[in-house]
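Some notes on the structure that comes next.
The values are calculated or read from the model by the stated rules, or taken from the named source; none is laboratory data. Nothing here was measured: the structure is a model prediction, and the numbers come from that model. Here the Cβ positions follow ideal geometry from the backbone for every residue, glycine too, while neighbour counts run over all protein chains shown. Accessible surface areas use protein heavy atoms only, side chains included; no ligands, DNA or RNA. Shrake-Rupley method; radii C 1.70, N 1.55, O 1.52, S 1.80 Å.
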Amino acid sequence: MEPTKRGLGHLLSFSSGVMLFISFSDLLPDATAELGYFTANLWFFFGMILFAIVVKFIPEPDGHELVQTRKSSHPSGKVPDSELMMAGITTAIGISLHNFPEGIAVYMTALKGLRVGLPLALAIAAHNIPEGMAVAVPIYASTGSRWQAIKYATLSGACEPLGALFIGAIFTPYLTPSIIHASLASVAGIMVFLCIRELIPMTLKYIEPEAAVLSNGVGMFAIFISIHYLNAYL
């Protein structure tokens, strides 16, 4: 069953609450304890700047908006199947390029253990739902095939675990404690930028600010409780 727009809005806001809480209550404080306040925050802002550059040069396309743009360029309002297909492929490529560094971020966070890695992985997975829909909609509209829509959406999402495998296979032997904590501070910066630049604005397209604040707070409280009990039993 396709999620409602309000449901997507609450899901995105919940996810941003999880990411913001983990970044400021866990990743950055741990990095500060290991590296010192100044150095840890330099790495935090490095992460923000790095992901800002990625977004600047590889903007994440929206399949729904691409379809609407193509509709407006055709007097009949009917978009040729070839253009719809290209909209879906363009969206898939853009999202794939964004998913790769997100996979690296999840891997680096998971090095801290299940208590932080698992909640962040789930939050990233939740925010990938509307991205998958943005890929699938124009593909399905052009081909009429659910299989093709699922295939392209899955391929774009697969770049995330590829990012984790890449960093794990090549760089794990070189990850000293200082490098790990510097990376975690950068991951915190990436997560904060992702929330401010993408998740929160997208949330406000679907739900009103009051509802977004509520879902965001619930996400923060949920991750607080999760980390508390994972600390107690792991």
How many residues are surrounded by fewer than 22 Cβ atoms within 10 Å (Cβ to Cβ) and not hydroxyl-bearing (Ser, Thr, Tyr) if we restrict to the range 86-97? 5
Anything in the range 202-231 that is open to solvent by 20 Å² or more (accessible area, probe 1.4 Å), of a type outside the set (S, T, N, Q) and under 16 Å from Ile124 (Cα atoms)? List them, or say none. Met202, Met220, Ala222
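Mind counting the residues in the range 131-176 that are outside any helix (DSSP H, G or I), farther than 17 Å from Phe100 by Cα and hydrophobic (A, V, I, L, M, F, W, C)?
Kept after step one, since they are outside any helix (DSSP H, G or I), are these residues of the range 131-176: 144-145, 158, 175-176.
Add one more test, that the residue is farther than 17 Å from Phe100 by Cα, and what stays is 144-145, 175-176.
Add one more test, that the residue is hydrophobic (A, V, I, L, M, F, W, C), and what stays is 175.
Residues flagged as outside any helix (DSSP H, G or I), farther than 17 Å from Phe100 by Cα and hydrophobic (A, V, I, L, M, F, W, C) within the range 131-176 amount to 1.
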Give the residue, chosen from Leu165, Leu175, Leu155, Leu199, that is open to solvent by 60 Å² or more (accessible area, probe 1.4 Å) and at pLDDT below 90. Leu155
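Got a sec? Which of Ile179, Ile196 is over 23 Å from Ser15 (Cα atoms), of a type in the set (A, V, I, L, M, F, W, C), free of Cβ contacts under 8 Å to residues at least 24 places away in the same chain and assigned to a helix (DSSP H, G or I)? Spell out how you get there, then give the answer.
Numbers: Ile196 fails: over 23 Å from Ser15 (Cα atoms).
Checking each option against the conditions leaves just Ile179.
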